[in-house]
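What follows is a single structure, written as structure tokens, with notes after it.
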Amino acid sequence: MVRDNRPRIEIDREKEMRTKEISQMIDEGGLGTRTFHYEIVKENSSKKGITSKTGVALNKLVANLGVFYIKLHQYHWYVTGSDFFTLHEKFEELYNDVSAHFDAFAERMIAKGEKPSSTLQEFLEHAVIEEKPYHDPISSEQMVGNIISDYEKLKRIAKAGITVAEEEGDNITEDMLIGYVEQIDLHLWMLRAFLNK
Ligand SMILES: [Fe+2]
């Protein structure tokens, strides 16, 4: 492929939208423009039943929330120490909230005629939120710190989704995502207050 001098993809919003194939092409210097990048994202995604940039963002949220739901259960089960009663209950509240959004975003995709990921394997493939088996103890502060970092990732994806939903004139999804970012901000405030940071 002939390369030109047009700007390369740099901003976070687009990193969140990259598939493995796209990342590989970028690493190989094969992608030059944002438009071309999105065309390939679209083409790549449509094979899996996702036909819009908004759908790509929603599916990314579905996958991440699927992983986050399990991770919050892990912390709910394994939290120990003087914060046990507070955090055991708080983590349950958070995974119930995650579950509601996980379902709502997937159903929004179906209502748009798109196909959300629906297996644990797909969630792990598409998620940036990481999980790991509970072998070594994690302090309650570390758990809360990890959850803050995960909510920040979700917020970045949701904000990127707001931008593309607006571009595509999907006001319903845009509204859902704005509401979700508002809720994430509340969670972040409370979790940071808990850590006194
Ligand atoms: Fe429980």
Somewhere in the stretch 115-122, is a residue part of a helix (DSSP H, G or I), touching a His at 6+ places or on another chain (Cβ under 8 Å) and assigned by TED's automatic domain parsing to the domain that holds I184? no
Exactly one of S99, S52 is modelled with pLDDT of 95 or more and either over 29 Å from H187 (Cβ atoms) or within 15 Å of the ligand (Cβ to nearest atom) (or both), and that residue is S99
Find all pairs meeting these conditions: Cβ atoms under 7 angstrom apart; at least six residues apart or on different chains; first residue within the stretch 75-92 and under 14 Å from M190 (Cβ atoms); second residue within 12 Å of the ligand (Cβ to nearest atom) and modelled with pLDDT of 95 or more. L87/V79; F91/L72; F91/Y75; F91/H76; F91/V79
Members of the stretch 63-85 found to be within 14 Å of the ligand (Cβ to nearest atom) and polar (S, T, N, Q), listed by number: Q74
Sole exception among (1) under 20 Å from the mean Cα position of the chain (by Cα); (2) away from the ligand (no atom under 16 Å from the Cβ) for M143, by number: (2)
Considering residues that are over 19 Å from F91 (Cα atoms) and not hydrophobic (A, V, I, L, M, F, W, C), the number found within the stretch 118-134 is 6
Restricting to the stretch 126-174, name every residue that is charged (D, E, K, R) and not in a loop (DSSP other than H, G, I, E, B). E141, D150, E152, K153, K155, R156, K159, E166, E167, E174
Of the numbered conditions (1) part of a helix (DSSP H, G or I); (2) in contact (Cβ under 8 Å) with a residue 24 or more places away in the chain; (3) surrounded by fewer than 17 Cβ atoms within 10 Å (Cβ to Cβ), N96 fails exactly one; give the number of that condition. (2)
Do we find a residue being modelled with pLDDT of 55 or more, of a type in the set (S, T, N, Q), under 16 Å from the mean Cα position of the chain (by Cα) and assigned by TED's automatic domain parsing to the domain that holds E167 anywhere in the stretch 81-91? no
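The values are calculated or read from the model by the stated rules, or taken from the named source; none is laboratory data. Here the structure is a predicted model, which is why all the values come from computation and not from measurement. Please note: Cβ atoms are built from the backbone with ideal geometry, for glycine as well, and neighbour counts cover all protein chains shown.
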